[in-house]
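The values are calculated or read from the model by the stated rules, or taken from the named source; none is laboratory data. What you see is a predicted model, and the numbers here were worked out from it, not measured in a lab. Cβ atoms come from the backbone with ideal geometry, glycine included; neighbour counts cover every protein chain shown.
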Amino acid sequence: MKKKWDYRTPRILAAPIFFIVLLFGLFKTSAQECPSLVSPADGTTLVPIDASISWEAVTGVPGYIISLGTTSGGNDILNERNVGSATSYIPPTGLPESTEIFVTITLFFFNQPNIVCDSQSFTTAALSEVPKCVPSTFPANDAIDINTTTNISWNAAPGATGYYLSIGTTLNGTEILTSTDVENSLNYNPPADLPTETDIYITIIPYNRIGLASGCNTFVFTTAPEAVLPICTTMISPVDGETNVSLSPTLEWNAVPDAIGYRVSIGTSPFETNILDDAVFFRTSTVIIDFEPNRTFFISIYPFNEAGEAIGCTQETFSTALGCGPYFDPERGELLVLNPELSFPDSVSICIDNEFNIITATDEADGYRWFQLDERGNETLLSTSAEVSISEEGEYLYEAYVNIEDSGTLFECASSKIFKVKTSQGPEIDEVKVQLNANSLNYEVITTTNGNYEYAIDNAEGPYQNNNRFTDISLQNHTVYVRDKNGCGITEKLIEQDLTIKGFPNFFTPNGDDINDHWQFVPPMGTEEKDIYVIFIFDKFGALLAQIAPNTKGWNGILNGKQLPESEYWFKALSNNNKVITGHFSLKR
């Protein structure tokens, strides 16, 4: 048995043996399972609109993306919010009342496609009272030396669906902003800078469909003297995107005029600060001890001064060793990986009757590996080429890799996936059930074998359909075709149907010799057909050609003064007791 290298970790082919042995224990493969909602649980009702949403943690998943909507899979409330490794989320503005809320959790990965889980849902309760007041704001009440360019934000008020905001320089004043409905927003950006060294009074009145909150206090803060925010900085060492960085590097960045310090955050993903979390430095460098090898790190630096911190600074990256990524591309704003992106299907079918079934890789790569998996997940290597011969059902592992060379070292970046092999076989037709209608036929094709089949009529090239039923078929003989979708064969069957009825001639010869020149019903003795009162005659396309009564000579094969050609024609006869009789006959000349 051969143990598989984890596609999430590069293979360093030129590395020393002890290094490979050290890493060997890290390379394991496990199937990912979707988490269940913890609170509110799936199907819960009467959930408060300000509820926190939490779910189970899934081992091996670096992050989660949550969407909220009013339909299964919908995102009309929240569209794919990446919450990093957190397993809970509080909708900042609450949820709509008396509504079924669908929660869709997506498992986020750097090195393989994300897994979108099935939606789960709960139903919110109806509002029963006016909302409470806003619990706190930013700037906080009685705060001083606030930058004049600051935005105003506040925490959601329980039960609120919107807010009226007013801003003034006196208690209950509205000199800066008259009472304005900001709807269900939790922040406001004043169109102009606030006045310097001034008391700013903020009044926020939450509301919902029942009414306005009452007794809400006014918040006040004092602005600072006029000042200028610092600009952003950039890394000097390591530079953005640099690889092969030492495990204990000195991080250095450019000094920024007017900055008195720098807030630095570092994480192992763009959404985490698990190495440094907003650490403050009053210099432009720091030493980090023992970074993890073969990882990409994400660093954000925000210069600050008395006026506040720089706005909109870009996150930069560096990697501590050769690897397959992810690497952050600041120009595209994306994470890039060197591993091949796989298009190989989740399942493949093989033909039972074939001794060798060849399956071919669908992805461009420098090399491939194919493994058979047993019930315990152990792997047996089957092939190291782009093709593999498989003869039985089961689970298999497909792996494609590219060779990367850097600084004289060769390593692999591989991607892999588990796929299932199913067997299929050529079809065999058991019978074709025929239903006779007034002037058409219905077929139902029954096969003796089970398979992924498709069906056609009268043409082996199709068009084919998934349904084994054909309706409104013309009244004549037809051939049906059954084809295996996986290329395991095609079969056909001719359906010959005798539609003639006693008393109705099989043919007539309108050639003017006064012998059998008319087609007419001759009622057999002792049958109910003697009660027929009208007969309709059609061509093979269902067009009505003639209408005759039983007490006439019958039809002479002429339409609008012209003799009709030799062909098959169809009839529908109606009796006095509401019986319908259909059939066909031949016109011969």
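In table form, for the structure just shown:
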read-out	value
Failed criterion for HIS584 (all others in (1) in a loop (DSSP other than H, G, I, E, B); (2) at pLDDT below 90; (3) touching an Asp or Glu at 6+ places or on another chain (Cβ under 9 Å) hold)	(1)
Strands (runs of 3 or more DSSP E) contained in segment 112-195 and holding at least 1 residues free of Cβ contacts under 8 Å to residues at least 24 places away in the same chain	177-181
Identity of the residue in segment 533-562, surrounded by 13 or more Cβ atoms within 10 Å (Cβ to Cβ) and more than 26 Å from ILE473 (Cα to Cα), that ends up modelled with the lowest pLDDT	PRO550
Some residue of segment 282-295 being free of Cβ contacts under 8 Å to residues at least 24 places away in the same chain and over 42 Å from the mean Cα position of the chain (by Cα)	yes
Verdict on ILE266 being surrounded by 18 or more Cβ atoms within 10 Å (Cβ to Cβ) and not assigned by TED's automatic domain parsing to the domain that holds ALA86	yes
Count - residues of segment 86-111 that are part of a strand (DSSP E or B) and modelled with pLDDT under 95	5
Matching residues, segment 446-494, being within 22 Å of THR582 (Cβ to Cβ), of a type in the set (A, V, I, L, M) and crowded, with 16+ Cβ neighbours inside 10 Å	ILE457, ILE473, LEU475, VAL480
Single unsatisfied condition, LYS553 versus (1) in contact with a strand residue (DSSP E or B) (Cβ under 7 Å, 6 or more places away or on another chain); (2) under 18 Å from GLY503 (Cβ atoms)	(1)
Qualifying position, being of a type in the set (Phe, Trp, Tyr), at negative phi and outside any strand (DSSP E or B), among PHE356, PHE371	PHE356
Test result for PRO206, assigned to a strand (DSSP E or B) and either surrounded by 15 or more Cβ atoms within 10 Å (Cβ to Cβ) or hydrophobic (A, V, I, L, M, F, W, C) (or both)	yes
Which listed residue, of ALA192, ALA213, is more than 39 Å from the chain's Cα centre (by Cα), buried (at least 16 other Cβ atoms within 10 Å of the Cβ) and among the small types (Gly, Ala, Ser)	ALA213
Among the candidates SER39, SER30, SER52, SER72, residue that is within 19 Å of VAL116 (Cβ to Cβ), modelled with pLDDT of 90 or more and either in contact with a Leu (Cβ under 7 Å, 6 or more places away or on another chain) or not aromatic (Phe, Trp, Tyr) (or both)	SER72
Qualifying residues in segment 106-147 (those that are among the charged types (D, E, K, R) and either closer than 21 Å to THR223 by Cβ or assigned by TED's automatic domain parsing to the domain that holds ASN82 (or both)) - the one nearest to the chain's Cα centre (by Cα)	ASP118
Condition broken by VAL434, with the remaining ones in (1) farther than 21 Å from PRO340 by Cβ; (2) assigned to a strand (DSSP E or B); (3) at pLDDT 90 or above; (4) of a type in the set (A, V, I, L, M) satisfied	(3)
